[in-house]
Each structure stands twice: as C-alpha cells, then as structure tokens.
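The values are calculated or read from the model by the stated rules, or taken from the named source; none is laboratory data. Predicted model only: the values in this text are computed from it and were never measured. Ideal geometry is used to build each Cβ from the backbone, glycine not excepted, and the neighbour counts take in all protein chains shown.
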Amino acid sequence: MTERGSLADLKSRYGARHRWLMLTTVMIGSMAAIMSSTIMNVGIPDMSLQFGIGQDQAQWVSSSFMVAMTVSMLTTPWLLARFGYRTTYMGCMLLLLTAGIAGGISNNYNLVLTARVVEGLAAGVVQPIPAIIILRAFDTAEQGRANSFFGMGVVLAPAIGPSIGGLLVDWMGWRSLFFMVVPFCMASMWLAQRYVPTTAPGGVSANHGKPSLDLAGLALATLGTLCLLNGLVLLHSGAYVTAMCLLGAALLITVSFVIWQRVQSTKGGVPLMNLVLFAHRPFAMGTTVAFIYGIAMFGSTYLLPLYLQLGLGLSPSHVGTLLLPAGLLLAVTIAIVGRYSSTHPTHLMVSFGLVLLTLSFALMLMVNLQTTLWVLVAFAILGRVGLGFILPSLNIGAMRGMEADLIPQGASAINFLRMLGGAAGVSLCGILLEWRLAAHGDSLTNHQTSAARLAAFDDVFLMLALVCVLALLAAWQIRAPRPHHTP
C-alpha cells in the first residue's frame with residue numbers, strides 16, 4: 001500500500017501536474033526567503049538612526065542574515081534525507097514566519113539581529129530545494145521551462161519588494177519590512193501540506209536512522225565564515241593584527257574543513273560537502289563563478305539603496321520606485337532566458353550576463369548630483385538584465401550531467417559558495433565604503449551629500465566591476481560535459 005503523502009501517492013492523485021504544483025509551492029517559500037534577504041536594505045538607514053548605530057554595525061542586519069543562510073545551506077541534503085521534503089520545508093517556513101514577527105516587534109537591536117539570524121537559517125535550508133526538484137522531477141526537455149517559471153516567480157517578489165518596502169518605511173517605519181514575509185509563509189505552508197511529499201529526494205522514505213549530521217564539518221564551516229567576515233570588518237577598524245589573525249584562521253579552518261571532508265568520505269561517513277562534486281568540471285567552474293559573482297550581486301544589492309538614499313539624497317519610497325522597472329525586467333529576462341537555459345551553452349549565457357553586469361557597475365562612475373533619474377534607471381536595468389542571463393543558467397548548467405544521487409549535495413554546495421561570496425561582498429562593500437569616505441574626507445553621519453561622498457561610492461562600484469571581470473574569466477571555462485555513449 002502506498003504511504004499517504006509520499007511522492008508516489010501524490011503522483012497518483014495529481015498526475016503529471018504534481019511536479020508543477022510542488023514547484024509552485026516551493027517557489028512561494030523561496031520568494032519569502034529571498035525577499036527577507038534583500039528587502040531590509042531599504043530600511044537600514046532608518047534603523048541606524050533609531051538605534052543610534054554606525055554603518056559598520058548596521059551592515060550586520062544584512063551580514064548576519066547572509067552568514068546564517070550561507071552555513072545552513074550545507075545541511076539541506078541531510079535534512080531532506082532524514083526528515084523528507086515536507087517536514088523540512090514546513091519547519092523552515094514556520095521558523096521564517098516566527099522570526100519575521102519577532103523582528104518586527106523587537107525594541108532592541110540585538111533582538112533584531114537574532115531575528116535576522118533565525119530568518120537566515122530558515123532561508124538557507126530552503127534555497128537549494130527548488131534546484132533539486134527541477135533536476136530530479138523534470139526531464140531535460142522540460143527543465144528550461146520549469147527553470148523559467150520558477151525564476152520569474154522568485155525574482156518578481158524581490159523586484160516589487162523594494163518599491164513596496166520603500167513606501168512602508170516612509171509610512172510605517174522599518175519594522176513593517178519584517179512582516180512582509182508573513183503572507184508568503186502562511187500560503188506556502190498551506191500548499192506544502194497538500195503538494196509537497198513526505199518522502200526524501202528520489203521518492204524514498206525519509207530515513208530517521210540515517211547517519212548523524214556532520215557536526216564537526218558544520219562547526220568548521222560556521223567558524224571559518226565568521227572568522228572571514230569579522231577579519232574583514234576589523235581590517236577597516238584599524239585592528240590590523242587581530243584582523244590578519246582572523247583571516248589567517250579562516251584560511252587554516254578552510255584547509256581543515258577540506259581535510260575533514262576527505263576523512264569522512266574515506267571512512268564511509270556522510271560529509272557535509274562531498275568533494276567528488278568538484279571532479280565534474282562544469283560544477284567546479286560554476287561554483288567558482290557563483291562565489292565571485294555572489295560578491296558582486298549581493299554587494300550591489302546592499303550598496304545601491306544606500307547610494308541612492310545617502311549619496312543622492314532620495315527617499316526610501318523614491319528608491320523603491322526607481323528600482324522597480326529594473327526588477328520587473330529582471331523577471332521578464334529570466335522568464336525568457338530560462339526557457340533556453342537547457343538548450344544553449346551555459347558558458348555563453350553566463351558570460352554575456354556578466355558583461356552586462358560589469359558595464360552597469362562601470363557606468364555608475366559617470367553619475368553625479370546633476371544626473372537625471374532616468375539614467376540611473378537605465379543603468380540599474382542593464383545590471384538586472386545581466387543577472388537575468390546568469391541566474392537561470394548557472395545552477396542548472398553546472399549540475400547537468402551529474403549523477404542523480406549527487407544533485408542534492410551539488411545544489412547545496414553551489415548555493416553555499418554563492419552565498420559565502422555574497423556575505424563577503426556585503427562586508428567588503430561596507431568596509432570599502434567607510435574607508436573611501438574617510439579617504440575623501442566625508443562621513444555618512446553628515447546630513448548633506450557631496451561630490452566627495454559620490455567619489456567614495458564610485459570606488460566601491462569600480463571594485464564590483466573588477467570582481468565581475470574575474471567571474472567572467474572563470475565563466476568561460478564552463479563547458480557542457482560530453483555525452484557518455486554506452487558501448
């Protein structure tokens with residue numbers, strides 16, 4: 001007898017459309033997770049004023065979320081195998097919902113940060129799940145269509161989110177941003193009860209007796225990430241000896257993590273990150289691109305709202321309105337490009353997107369206080385169209401041809417490295433901005449903007465452009481694996 005709620009049971013009830021219903025469900029949850037990662041950037045200036053904190057402290061509203069999300073991604077394969085899709089997914093949605101409400105009613109900055117960490121933990125586990133579903137539930141011919149549908153839906157929420165968020169900040173303050181995830185989480189939990197299977201990837205029963213989570217590997221990954229980010233922050237504060245010690249520790253911990261994963265594999269354990277993945281060249285190059293462009297993408301997501309508000313003196317609602325066309329065009333681009341991501345060379349799609357992204361950062365150096373707003377909109381659109389070529393192509397292309405049992409690990413690893421780059425990117429942008437502001441003789445505490453402040457922002461945009469050039473070099477090395485013919 002088929003177990004109720006299993007993949008086989010849901011397929012028998014809903015037929016071929018079940019995979020689309022399941023993808024729609026996780027898409028809504030992913031919308032909540034991604035929105036929570038980006039929408040708070042609009043409220044950072046107001047939050048800084050309310051709690052009386054500097055830019056270096058305020059950036060931890062973004063950085064703490066990114067650190068938590070980055071590390072928790074590595075646990076997704078183990079959680080899915082042990083508890084199944086439904087329990088894992090609904091648990092994350094409940095955690096995201098609770099943290100959103102708690103953050104919105106908190107009156108203490110430390111409690112706000114705690115809520116952001118919890119949100120990040122939940123969002124991180126959810127992120128790899130859609131790629132696993134697309135690669136396992138859809139055949140190659142349908143993957144492009146599924147990728148297009150999912151990508152457009154996921155991007156549409158954060159595209160509209162900053163505009164709505166800007167209005168909410170002006171009307172009700174930064175607290176309202178926390179509550180935006182609530183309806184998405186509630187809808188997703190209701191749908192998950194109906195369409196997400198209780199079974200693990202591959203349709204097998206969740207194995208509660210499966211080997212325990214690689215806690216030592218998880219601890220090393222967490223410690224290494226924290227050492228890296230804190231080391232970067234201390235570089236700016238002038239504590240160079242401590243900063244270099246932390247960065248050196250991050251390097252040593254990374255080496256230790258790799259060695260430990262090898263030990264786990266040779267002893268028959270379940271490593272947190274299976275290093276066999278990196279023997280697949282498209283995956284190895286894809287993860288390199290993911291890490292580098294993660295720095296640029298998340299760094300710019302943090303930097304652009306600050307630039308428009310504190311550099312050009314625009315209100316939060318005005319910023320959201322300016323970014324809305326770029327977000328909508330990103331959704332449209334993903335819808336179009338996603339359909340061709342399974343039939344066109346990944347390295348060409350990703351490289352073209354990176355060229356556009358590089359241009360969008362480089363062109364920001366031309367902006368000054370007299371620049372008309374439509375020029376800013378055009379530059380933002382250029383960058384988001386570039387992302388529209390990268391996002392639907394990279395994950396699927398990097399894992400195409402990989403053995404089915406490695407797909408959950410692959411989705412987890414590439415998302416982990418992308419978010420690790422993102423967490424570093426947010427910190428690097430904040431650190432570099434403070435450094436260049438001091439070098440140009442300005443500070444964000446000054447109420448009036450100036451040409452010196454814009455010059456400091458220009459230096460950071462130039463750094464992001466150079467980072468994209470590095471990603472472009474790696475992207476060109478991605479090639480589709482040659483098909484293996486059975487003799």
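Where in the range 1-59 are there helices (runs of 4 or more DSSP H), lying fully within it, with 1 or more residues that are at pLDDT below 80 and either more than 30 Å from Gly104 (Cα to Cα) or assigned by TED's automatic domain parsing to the domain that holds Gly294 (or both)?
Those helices (runs of 4 or more DSSP H) span 18-38, 44-51, 55-58.
So that you can scan it fast, the table gives a plain yes or no per residue for (1) surrounded by fewer than 19 Cβ atoms within 10 Å (Cβ to Cβ); (2) within 19 Å of Met297 (Cα to Cα):
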position: Thr346; (1), (2): no, yes
position: Ile381; (1), (2): no, yes
position: Arg400; (1), (2): no, no
position: Asp405; (1), (2): yes, no
position: Val426; (1), (2): no, yes
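For the range 357-374, which residues satisfy the criterion of being farther than 17 Å from Leu328 by Cα and either hydroxyl-bearing (Ser, Thr, Tyr) or part of a helix (DSSP H, G or I) (or both)?
Thr358, Leu359, Phe361, Ala362, Leu363, Met364, Leu365, Met366, Thr371, Thr372, Leu373
For every residue, the table says whether it meets (1) within 23 Å of the chain's Cα centre (by Cα); (2) in the same structural domain as Ala221 (by TED's automatic domain parsing); (3) touching a residue at least 40 places away in the same chain (Cβ under 8 Å).
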| position | (1), (2), (3) |
| --- | --- |
| Met366 | no, no, no |
| Trp374 | no, no, no |
| Ile381 | yes, no, yes |
| Gly386 | yes, no, no |
| Ile390 | yes, no, yes |
| Ser393 | yes, no, yes |
| Gly401 | no, no, yes |
| Leu406 | yes, no, yes |
| Phe416 | yes, no, yes |
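I'd like the full set of residues that are at pLDDT below 85 and either part of a helix (DSSP H, G or I) or buried (at least 21 other Cβ atoms within 10 Å of the Cβ) (or both), limited to the range 278-294.
Within the range 278-294, Ala279, Arg281, Pro282, Tyr293, Gly294 meet the criteria.
Based on this model, can you work out whether Ala68 counts as free of Cβ contacts under 8 Å to residues at least 60 places away in the same chain, within 17 Å of Phe298 (Cβ to Cβ), assigned by TED's automatic domain parsing to the domain that holds Ser412 and surrounded by 20 or more Cβ atoms within 10 Å (Cβ to Cβ)?
yes
Please return the ranges of helices (runs of 4 or more DSSP H) entirely within the range 156-245 where 2 or more residues are under 25 Å from Leu432 (Cβ atoms) and at pLDDT 75 or above.
Qualifying helices (runs of 4 or more DSSP H): 215-237.
Does the range 35-58 contain at least one residue that is touching a His at 6+ places or on another chain (Cβ under 8 Å) and touching a residue at least 60 places away in the same chain (Cβ under 8 Å)?
Checked the range 35-58: at least one residue is touching a His at 6+ places or on another chain (Cβ under 8 Å) and touching a residue at least 60 places away in the same chain (Cβ under 8 Å).
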